[in-house]
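Here the structure is laid out as structure tokens; the discussion comes afterwards.
The values are calculated or read from the model by the stated rules, or taken from the named source; none is laboratory data. From a predicted model like this one, the values you see are computed outputs, not experimental measurements. Using ideal geometry, Cβ is built from the backbone for each residue, glycine included, and neighbour counts are taken over all protein chains shown. Surface accessibility is based on the protein's heavy atoms, side chains included, excluding ligands, DNA and RNA. Shrake-Rupley method; radii C 1.70, N 1.55, O 1.52, S 1.80 Å.
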Amino acid sequence: MNKTIVLYGSHYGATRAYARHIAGQLGCAAAAAEQIKELDLSAYDTVIFGGGLYAGSVAGWNKAAKYCGQKEGQRWILFSCGLADPASAKTQNEVRTLFESRLPDELRGKLPVFCLRGGMDYAKLGLKHRTMMAALMLFLRRKKDKTEEDEQLLQTYGQKIDFFDESSLLPILDEARRQ
């Protein structure tokens, strides 16, 4: 198998858990995006990057995207981790747009992008994220046509929720193993 590394950006741990699980399954290293300057990414044939979704951004992607496409022939596989339904076309399109907004034009639409569902422990949220969640809850309470996802967020607000699903990693692992 080619030389692979899993990079991740995670504020509260769900993306880190997925990244470490992927690395364990592939027998490769995992590293936080904060460490990217210390790594020689040119030593890898495949880079898998996962980032948590936070208020319209992907954690760690600003750091990692700078390296994407620098080595000829290097494969990049991207995944997000958030509370939104990963099977939703809306979620998938939004995630692809977030990733591609930092990519050079020649890579847009060419990298595999996967969406995973993470979790949240409201007790561990920082002030900024707690404030954003409170604003979202206010919006959702006032929303007339709530989706199932909206209702689920409202019902679990203030609690610890965990949607970690090992089986959701299979497409990413299959993509990584593809030569």
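Odds and ends about this structure:
- Extreme residue, positive dipole direction of the range 81-179, given options Pro171, Pro112, Ile161 (C-beta unit charges): Ile161
- Dipole size of the chain about its Cα centre, with +1 on Lys/Arg Cβ and -1 on Asp/Glu Cβ: approximately 440 debye, rounded to the nearest 20.
- Dividing the radius of gyration of the alpha carbons in the range 1-108 by their Kirkwood radius gives 0.94 for Rg/Rh.
- For the range 1-104, GluC sites (Glu not before Pro) meeting the loop criterion (DSSP other than H, G, I, E, B) and having at most 15 other Cβ atoms within 10 Å: Glu72.
- Length released on extending from Arg20 to Tyr157, taking residue separation times 0.36 nm less the Cα-Cα span: 46.6 nm
- Ratio of the Cα radius of gyration of the range 91-133 to 2.2 N^0.38 Å, where N counts its residues: 1.58
- Whole-Hz couplings from phi, Karplus 6.51/-1.76/1.60, listed for the range 51-58; x for Gly and Pro: x, x, 8, 9, 6, x, 9, 10
- Shape summary: the range 44-179 maps onto an equivalent ellipsoid whose semi-axes, from the alpha-carbon gyration tensor, are 30, 16, 14 Å in decreasing order.
- q = 0.22, 0.25 Å⁻¹, the range 99-179: log10 I(q)/I(0) [Debye, one scatterer per Cα]: -1.03, -1.12
- Here the accessible area of the range 116-179 is 53 percent carbon and sulfur, with a 1.4 angstrom probe and all protein chains present.
- Residue by residue, the range 161-169 carries 3J(HN,Hα) couplings of 10, 9, 10, 3, 9, 4, 5, 5, 7 Hz when phi is fed to the Karplus relation 6.51 cos²θ - 1.76 cosθ + 1.60 (θ = phi - 60°); x denotes Gly or Pro.
- Sorting the segments 77-84, 52-59 by their residues' average number of neighbouring beta-carbon atoms within 10 angstrom, most packed first, yields 77-84, 52-59.
- Take each peptide in 129-141, 17-29, count the other Cβ atoms within 10 Å of every residue, and average; sorted highest first, the result is 17-29, 129-141.
- √(5λ) per eigenvalue of the Cα gyration tensor, the range 63-132, largest first, Å: 27, 15, 11
- Estimated FRET transfer efficiency (Leu140, Lys66; beta-carbon r; R0 22 Å; 0.05): 0.05
- Cα-based shape type of the range 47-101, given that a ≥ b ≥ c are square roots of the gyration tensor eigenvalues and the cut on a/c is 1.5: prolate
- His11 long-range amide H proximity, modeled H, under 5 Å: Gly52
- Normalised by residue number, the volume inside the convex hull of the Cα atoms of the range 1-64 is 72 Å³ per residue.
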